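Peer 1: Before anything else, here's the structure in question.
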Amino acid sequence: MAARAQGWEADPVTGPMTGAFTLIPPALACGFGELGKHGSLINPELGSNFRLAAVLTDASFALTPPRAHWVDDFCIDCRICEDACPAEAILPEKQTVRGDHKWYVDFDRCLPFFNETHGCAICIAVCPWSRPGVGETLAAKLLRRQQRLAAG
Ligand code: SF4
Ligand code: SF4
């Protein structure tokens, strides 16, 4: 049953502009996906082409941990978004940002082009994870590779 119907507070946070809320950090923390080189979330089932939304609630529920589905391994060997970005905003190597070592998009380069084109998103359009139905197949392949490596 919905949280609100049970008497809990429940406010939706949706749409392209989520105001004071940045949705990627909590989505990473709850295991919804991993950060791709293009700075967007990659989910093993949905791939890379989806929009995040959230519900702010005081309802109690079990927390879910971060998940690894080896997107990193894939992004290290892939340069598709990096090469396709007209603003050259996607850095080829991870950077340390406020103590986190992670993929990094230079928003000083991205934003002017993004605004000029009313929402560029070329990096998401070209990402292999964005093709419909590909996410699950890729995630399964990466899992098999990890299992082979772990078995020696
Ligand atoms: S939105 Fe466009 S300009 Fe910004 S990083 Fe992606 S491809 Fe580059
Ligand atoms: S295009 Fe390639 S490098 Fe960029 S996010 Fe997608 S998988 Fe990673």
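The values are calculated or read from the model by the stated rules, or taken from the named source; none is laboratory data. None of the values given here were measured: they were computed from a predicted structure. Quick reminder, even Gly has a Cβ in these numbers, built from the backbone with ideal geometry, and neighbours come from all protein chains shown. Accessible surface is based on the protein model in full, side chains and every heavy atom, while ligands, DNA and RNA are left aside. Shrake-Rupley method; radii C 1.70, N 1.55, O 1.52, S 1.80 Å.
Peer 1: Given a 1.4 Å probe and every protein chain left where it sits, what share in percent of the accessible area of segment 4-90 is carbon and sulfur? Present the calculation step by step, with values, prior to reporting the outcome.
Peer 2: Values: 3100 of 5240 Å².
Answer for segment 4-90 is 59 percent, counting heavy atoms of protein chains only.
Peer 1: Which of the peptides 31-37, 107-113, 144-150 is most tightly packed, and how do the rest follow, going by the mean number of other Cβ atoms within 10 Å of each residue?
Peer 2: On the way: 31-37: 22.1, 107-113: 14.0, 144-150: 10.3.
My ranking of the peptides, most packed first, is 31-37, 107-113, 144-150.
Peer 1: So, one more: Averaging the inverse of every distinct alpha carbon separation and then flipping it gives the Kirkwood radius. What is it for the chain, in angstrom units? Could you put the intermediate results ahead of the total?
Peer 2: Working: mean 1/r = 0.0583 Å⁻¹.
Answer for the chain: a Kirkwood hydrodynamic radius of 17.1 Å.
Peer 1: Mean-square fluctuation check for the chain, GNM, Cα pairs under 10 Å: which of Ala140, Ala121, Ala20 is largest?
Peer 2: Comparing Ala140, Ala121, Ala20 in a Gaussian network model of the chain, the most mobile one is Ala20.
Peer 1: Let me ask something else about it. When ligands, DNA and RNA are left out and all protein chains stay put, how many square angstrom of accessible area per residue does the chain have with a 1.4 Å probe?
Peer 2: 66
Peer 1: Using the Cα centre as the reference, give the magnitude of the dipole from point charges on the C-beta atoms of the chain (Lys, Arg: +1; Asp, Glu: -1; all else neutral), rounded to the nearest 20 debye. Could the numbers behind the result be given before it?
Peer 2: Values: 14 positive and 17 negative charges, 99 e Å.
The calculated dipole for the chain is roughly 480 debye.
Peer 1: Solvent-accessible area of Phe114, probe 1.4 Å, all protein chains present, reported in Å² to the nearest ten, please.
Peer 2: So the heavy atoms of Phe114 present about 80 Å² to solvent.
Peer 1: Could you give the nm distance between label points at Arg51 and His101, where each point is 7 Å from its Cα heading toward the beta carbon?
Peer 2: For Arg51 paired with His101, the spin-label model returns 3.6 nm.
Peer 1: Stretch Asp73-Glu136 to full length: gain in nm at 0.36 nm per residue minus the Cα-Cα span? Present the calculation step by step, with values, prior to reporting the outcome.
Peer 2: Numbers: separation 63, 0.36 × 63 = 22.68 nm, distance 1.58 nm.
Taking Asp73 through Glu136 to full extension adds about 21.1 nm, to one decimal.
Peer 1: List the residues of segment 53-87 whose backbone N lies under 15 Å from a point placed 7 Å from the Cα of Cys30 along the Cα-to-Cβ direction.
Peer 2: 53-67
Peer 1: Between Ile80 and Thr22, what FRET efficiency comes out of the Förster formula 1/(1 + (r/R0)^6) with R0 = 22 Å and r the beta carbon distance, rounded to 0.05? Before the final figure, lay out each step's value.
Peer 2: Details: r = 25 Å, r/R0 = 1.15.
Computed FRET efficiency for Thr22 and Ile80: 0.30.
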